[in-house]
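Take a look at the structure set out below.
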Amino acid sequence: MTAFPFELKASDGQARTGVLKTPRGDIPTPIFMPVGTAATVKALTLDMVRQSHAKIILGNTYHLMLRPTAERVKRLGGLHKFMGWDGPILTDSGGFQVMSLSQISKVTEDNVTFQSHIDGSRHILSPERSIEIQADLLGSDIVMQLDECVSYPADEARAQKALQLSARWGQRSKAAFGTRDTQALFGIQQGSTFEALRRESTDRLLEIGFDGYAIGGLAVGEGHEAMCDTLDYCAPILPWDRPRYLMGVGKPIDLVEAVARGVDMFDCVLPTRSGRHGQVWTWEGPINIKNARFAEDDSPLDPSSDCPASRDYSKAYLHHLMRSEEILGQVLLSWHNIAFFQALMIKIRAAIAAGEFAQFRSWFRETHLASKT
Ligand SMILES: CNc1nc2cc3nc[nH]c(=O)c3cc2[nH]1
């Protein structure tokens, strides 16, 4: 299996910047992937997503297999054609959403059986079925193995059983994926916050061999400090010459601190979800635009941004839209937030390339964390 070329351009401490070359386009790293759960980045047209400088989006197998079903997406030409996105798409394997969204689910050696949170219908996800959905029916560019993510806190024995099952599922995922060179398969490291288990999981993944390696089992309630303490040892032991993808992360400060520990790829619903509720991410930290102090503030969110939502509307107008529960408010704030996350990654990449990441990191902490905007 010839993996997608991953060319590292520069590194600065553990931080690195490079390019992951895929058939549907080059992905600069470190990269943030907006989440397109049900074949849409919620509230945004794909022109807005492109204009935000996003290069790759994430699709959720769990949601799409339930509705409209992966078979229907296939009949309609696959996920790219169905939603009109011709750039790279990464799909997750569905296991995490089963555990977090479905009321009834049962994990055995062979598979996960669960009931749809939409209509209660019964479904099965096995490593083989998840690969079929992602690679053959949805046609995604980067496919994730099926894994088992334990909740936090986990006891060590339970976490070890889950990582060992995930490793066996990783082997089966790779066997089902076969040798394809137009798509990539990533393995997922587990082990909760136990260093010995993270090493055991990594050893198992390296024996199997993947195109990229995700760090699973984090952003599950452990908090920023415990996540960073775990990344201190679990990121650098993953192969330096392949992409490292931290699943489900995160807040801007999480991205900066994870890049500092060697992570290359991220995805999180935060920018779009928080935007829909009025939370706006800025260089000076998050604000809630519904706060009365913005009612007559006619300054834009970020005059230096090239995103119309950030540059061409006053905070007062956005305040009014959100207070009036106007849909346009959710659209513009979601657009601004994903553009901000992309602007953050652009600054991070430039800082690493210039050997100035340490300076950027301390500037960001002082500016973004200190001020209570
Ligand atoms: C929002 N936090 C979060 N989203 C995740 C998705 C995941 N998928 C597969 N495997 C994981 O361990 C995993 C962990 C995650 N944490």
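The values are calculated or read from the model by the stated rules, or taken from the named source; none is laboratory data. Predicted model, so just to flag it, every value in this text is computed and none were measured. Cβ placement follows ideal geometry from the backbone for every residue including glycine, while neighbour counts extend to all protein chains displayed. The area values use the complete protein model at the heavy-atom level, side chains included, leaving out ligands, DNA and RNA. Shrake-Rupley method; radii C 1.70, N 1.55, O 1.52, S 1.80 Å.
Quickly estimate the mean residue ellipticity at 222 nm for the chain, helices only: each DSSP H run with n ≥ 4 gives -39500 (n - 2.57), and the total goes over all residues, rounded to 500. Walk me through the numbers on the way to the answer.
Values: 15 runs with 146 residues, N = 373.
-11500 deg cm²/dmol, from helical runs alone.
Fully extending the segment from D86 to R180, taken as 0.36 nm per residue of separation minus the present Cα-Cα distance, adds 31.9 nm.
DSSP beta bridges fully contained in segment 192-326 are about 50 percent antiparallel. How high is the FRET efficiency between Q115 and Y233 when r is their beta carbon distance and R₀ equals 35 Å, given to the nearest 0.05? E between Q115 and Y233, to the nearest 0.05, is 0.40. Using the Cβ-Cβ distance between R72 and A354 with R0 set to 45 Å, the FRET efficiency from 1/(1 + (r/R0)^6) comes to roughly 0.40.
Here segment 73-192 is assigned +1 on the Cβ of each Lys and Arg and -1 on the Cβ of each Asp and Glu. Its dipole about the Cα centre then comes out at about 220 debye.
Tell me, what % of the accessible area of the chain is carbon and sulfur with a 1.4 angstrom probe? Each step should come with its number before you reach the end.
Numbers: 7580 of 14840 Å².
So the carbon and sulfur contribution to the accessible surface is 51 percent.
Among the listed pairs K55/K81; K55/K347; K9/K347; K290/K315; K81/K174; K106/K251, give every one whose C-alpha distance is greater than 21 Å.
Values: K55/K81 17 Å; K55/K347 15 Å; K9/K347 15 Å; K290/K315 9 Å; K81/K174 26 Å; K106/K251 31 Å.
From the list (K55/K81; K55/K347; K9/K347; K290/K315; K81/K174; K106/K251), the Cα-Cα distance tops 21 Å for K81/K174; K106/K251.
I need the Kirkwood Rh of the chain: take the reciprocal of the average 1/r across all distinct C-alpha pairs and report it in angstrom. Walk me through the intermediate numbers first.
Working: mean 1/r = 0.0475 Å⁻¹.
After inverting the pairwise mean of 1/r, the radius is 21.0 Å.
Annotation for I124 and S324: the two label points, set 7 Å from Cα along the Cα-Cβ direction, are 5.3 nm apart.
Given R₀ = 30 Å, what would the calculated FRET efficiency be for A370 paired with A226, taking r from the Cβ atoms and rounding to 0.05? Write down the numbers at each step before the final one.
On the way: r = 22 Å, r/R0 = 0.75.
The calculated FRET efficiency here is 0.85.
Amide H to amide H distances under 5 Å link C268 with M33, V35, where only residues 5 or more positions off or on other chains count and H is placed in the peptide plane.
In this Cβ point-charge picture (+1 for Lys and Arg, -1 for Asp and Glu), segment 144-257 has a dipole of about 520 debye about its Cα centre. Modelled this way, with points 7 Å down the Cα-to-C-beta line, the labels at S100 and L8 are 2.9 nm from one another. Rounded to the nearest 20, the size of the Cβ-charge dipole of the chain about its Cα centre is 600 debye, with Lys and Arg at +1 and Asp and Glu at -1. Between the C-alpha center of segment 4-32 and that of segment 159-233 there is a gap of 20 Å. Simple rule: put +1 on each Lys or Arg Cβ and -1 on each Asp or Glu Cβ in the chain, find the dipole, and look at G36, W169, A351; the Cα lying farthest toward the positive end is G36.
Evaluate the relative contact order of the chain (contact order divided by residue number), counting alpha-carbon pairs under 8 angstrom at least 6 apart; express in whole percent. Before the final figure, lay out the partial values.
Working: 738 pairs, mean separation 66.0, N = 373.
Relative contact order of the chain: 18 percent.
In Å², and per residue, what accessible area does segment 229-373 have when probed at 1.4 Å with the other protein chains present?
Details: 5860 Å² over 145 residues.
Counting only protein heavy atoms, the per-residue value for segment 229-373 is 40 Å².
The convex hull built on the alpha-carbon positions of segment 255-373 has an orientation-averaged projected area of 7.2 nm². Label-to-label distance, R24 versus D155, with points set 7 angstrom from Cα along the beta-carbon direction: 4.4 nm.
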